[in-house]
1. Looking at the range 97-119 only, could you name the residues that are touching a strand residue (DSSP E or B) at 6+ places or on another chain (Cβ under 8 Å) and over 21 Å from residue 327 (Cα atoms)?
2. Among the listed residues 330, 292, which satisfies the condition of being away from the ligand (no atom under 16 Å from the Cβ), over 30 Å from residue 279 (Cβ atoms) and in a helix (DSSP H, G or I)?
3. Residue by residue through the range 149-170, note down the ones that are away from the ligand (no atom under 12 Å from the Cβ) and either in contact (Cβ under 8 Å) with a residue 60 or more places away in the chain or of a type in the set (Asp, Glu) (or both).
4. Restricting the search to the range 191-237, which residues are more than 12 Å from the ligand (Cβ to nearest atom), touching a residue at least 12 places away in the same chain (Cβ under 8 Å) and in a loop (DSSP other than H, G, I, E, B)?
5. Go through the range 83-145 and tell me which helices (runs of 4 or more DSSP H), entirely inside it, have 3 or more residues that are within 16 Å of the ligand (Cβ to nearest atom) and under 19 Å from the mean Cα position of the chain (by Cα).
6. Would you mention how many residues in the range 160-216 are under 17 Å from the mean Cα position of the chain (by Cα) and charged (D, E, K, R)?
7. For the range 242-262, what are the residues that are surrounded by 20 or more Cβ atoms within 10 Å (Cβ to Cβ) and either more than 12 Å from the chain's Cα centre (by Cα) or more than 24 Å from residue 381 (Cα to Cα) (or both)?
8. Does the range 376-388 hold any residues that are within 6 Å of the ligand (Cβ to nearest atom) and either at pLDDT below 95 or assigned to a helix (DSSP H, G or I) (or both), and which are they?
Amino acid sequence: MGERRIDHYLGQLLDEERFEFYRAVADFADREIAPQLLGWERAGGHVSDELIAQLGEMGIFGIPIPEEHGGQGGGLTELALMGLALGYQSHSVAITPGAALSLGANPILNHGTTEQKEAHLADLATGSRMVVFGLSEPGRGSDAANPEVVAERTDTGWVLRGEKCWSTNARWASHVIVHAMTDPDGRNGHRSTCFIVPMDDPNVHYSEMSGKTVWTLSSTGSIVLDQVSVSEDQILGELNEGFKVMVTTLNGGRLFIASLALASLAFALDRVRTYVQEREQFGGPLARFQRVQDVVLEMDLALDRNLTWLITLLDRYAAGRLDREQASKVKIDCSRAASRLLLDAMEICGGVAGLDEFGLSRHHNDLFVTRVGEGSNRALMTQIARGLLPDCGSILQ
Ligand SMILES: Cc1cc2nc3c(=O)[nH]c(=O)nc-3n(C[C@H](O)[C@H](O)[C@H](O)COP(=O)(O)OP(=O)(O)OC[C@H]3O[C@@H](n4cnc5c(N)ncnc54)[C@H](O)[C@@H]3O)c2cc1C
C-alpha cells in the first residue's frame, strides 16, 4: 500500500530512537504477520506459539519491564508504539503482548512486593508465560467495584469462589490476578482485594469463550474459581484496596487501547487512499469525487489530531501527571472516531470492503472492542459527566 501516512506524523512527533523502534516493529508486522494473517483467520484458532516466541525474542514482552528483571526498561510510550505498529495489521496479535504487559505485568510492577516481582517479572519479560487481568465477571462488567467473586478468610489464608470472564490471554496464562470481595461492609471502593492465583491450581477451571467475532486470534477465557485456597503472600497490593490496583492499571491500558484504535484508522486511511485512486467508475478514479475526498480528508484529520493528543498524554503519563479523566477521554474519542470513519471508509470502497481479504472488515469488528474494553465508553462518559454536571450527580450513577 506504499508508505504509511501515520509514519509521516510519527516522524514529526517522536525522537529518532523511538521512531526507529516503532519502524522495526512495523517492519516485522509487514513481513511476518500481514502475508499470513488471512490464512490464520480462515483456519480459526489463536495466535501461534511460534509467533509468541518470535515476539518474545524481539523483546516485545519485556518492553516496560525494568532491565534488572530481564526487560527492556521502556515505558507506556513504547508499549503504545508497539500497539500502533502491530495493531495496524492485527489487533489480535498486538493485544497478546499488549494485555500481557499493560494488564498482566504492570499491576505486579506497580503494586507487587519484591518477592512477587522476583517470582514473575523475568518470565513475563520473555513471553514464556503470561498473567491475566481478572476484573470482569458474568454479572459485573462496568459495575466492577463490588465483585461477586468472594474471598473468605480461613485460619491459613483465604478461599476464593466465583467466575471471571473475558480474560484476555487466558490460554497462555500461568496466573490470574483475581479481584475479589473481601469486606462487603467496607466503604465503597475499599471492599475488594487482588490475589495472584496460579492457573494450574486443580480448583481453577479455564475454558475458552466461544463464538467471538472480535479479536478472533486472541485468547479470551472464562475462569471458574471453585474453592481455591490462597495465602496472604498472594495478595497483590493492600488488603481491601484491590479496586485501586485495578483502576490504576486501567489508566495506562486505556492509552494502549487508544493506540489500537488509531492503528486501525491508519490502516484504513492507507487502504482507502490506494483503492480510490485505482478504482474507476463513470470514466475515472473514485478519488475525483469530492464526497469521496471528504472521507479521506476527515480520516487524515482525525489521525493527525488524535495521534498528537495520544503522544502528548503518553508524555504526561511518563511524567506521572496523567489523570483518569484524560486517559478515558482519549480512549473514548479515538475509538469512536476510528470506528465511525471505518464504516465511511468501507462505504466509499463499495462491496469489495465486505470481503475479508480487503482488510477493512477485520478492523471494523476489532474497533468494537476499543469502544467497550477497559471501561465501556458510555460508562466512562457517565463518570466524566458527573464531574461536569455535579448538581445532577444523583441521577448520573
Ligand atoms: C474481547 C474482549 C476482551 C476483554 N478482556 C478483558 C480482560 O482481559 N480482563 C477483564 O477483566 N475484562 C476484559 N474484558 C471485559 C470488558 O472490560 C467489559 O466488556 C467492559 O468492562 C464492559 O462490561 P460489560 O461487557 O459487562 O458491559 P455492561 O457493564 O453490561 O454494559 C453494557 C453497556 O451498558 C452501557 N452502560 C453500562 N454502564 C453504564 C453507565 N454507568 N453509564 C452509561 N452507560 C452504561 C454501556 O453502553 C455498556 O457498553 C474484555 C472484553 C472483550 C469484549
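1. Pass one, the range 97-119, residues touching a strand residue (DSSP E or B) at 6+ places or on another chain (Cβ under 8 Å): 99-100, 103-105, 107-108, 111-112, 116.
Residues satisfying the conditions are 112, 116.
2. Numbers: 292 fails: over 30 Å from residue 279 (Cβ atoms).
Of 330, 292, the one residue that is away from the ligand (no atom under 16 Å from the Cβ), over 30 Å from residue 279 (Cβ atoms) and in a helix (DSSP H, G or I) is 330.
3. Of the residues in the range 149-170, the ones away from the ligand (no atom under 12 Å from the Cβ) are 150-162.
151, 152, 154, 155, 156, 157, 158, 159, 160, 161, 162 - these are the residues of the range 149-170 that are away from the ligand (no atom under 12 Å from the Cβ) and either in contact (Cβ under 8 Å) with a residue 60 or more places away in the chain or of a type in the set (Asp, Glu) (or both).
4. 191, 199, 200, 201, 203, 231, 237
5. Details: elements: 91-99, 106-111, 114-126.
Once the helices (runs of 4 or more DSSP H) in the range 83-145 are filtered for at least 3 residues that are within 16 Å of the ligand (Cβ to nearest atom) and under 19 Å from the mean Cα position of the chain (by Cα), what remains is 91-99, 106-111.
6. Taking the range 160-216 as the starting set, the residues that turn out to be under 17 Å from the mean Cα position of the chain (by Cα) are 165-173, 176-177, 212-216.
From what's left, charged (D, E, K, R): 171, 212.
The qualifying residues number 2.
7. In the first step, residues of the range 242-262 are kept if they are surrounded by 20 or more Cβ atoms within 10 Å (Cβ to Cβ); the result is 242-243, 245-246, 249-262.
Within the range 242-262, 242, 243, 245, 246, 262 meet the criteria.
8. Step one: filter the range 376-388 for residues within 6 Å of the ligand (Cβ to nearest atom), giving 376, 378-379, 382.
Correct list: 378, 379, 382.
The values are calculated or read from the model by the stated rules, or taken from the named source; none is laboratory data. Note that the structure is predicted; figures quoted are calculated from it, not measured. Using ideal geometry, Cβ is built from the backbone for each residue, glycine included, and neighbour counts are taken over all protein chains shown.
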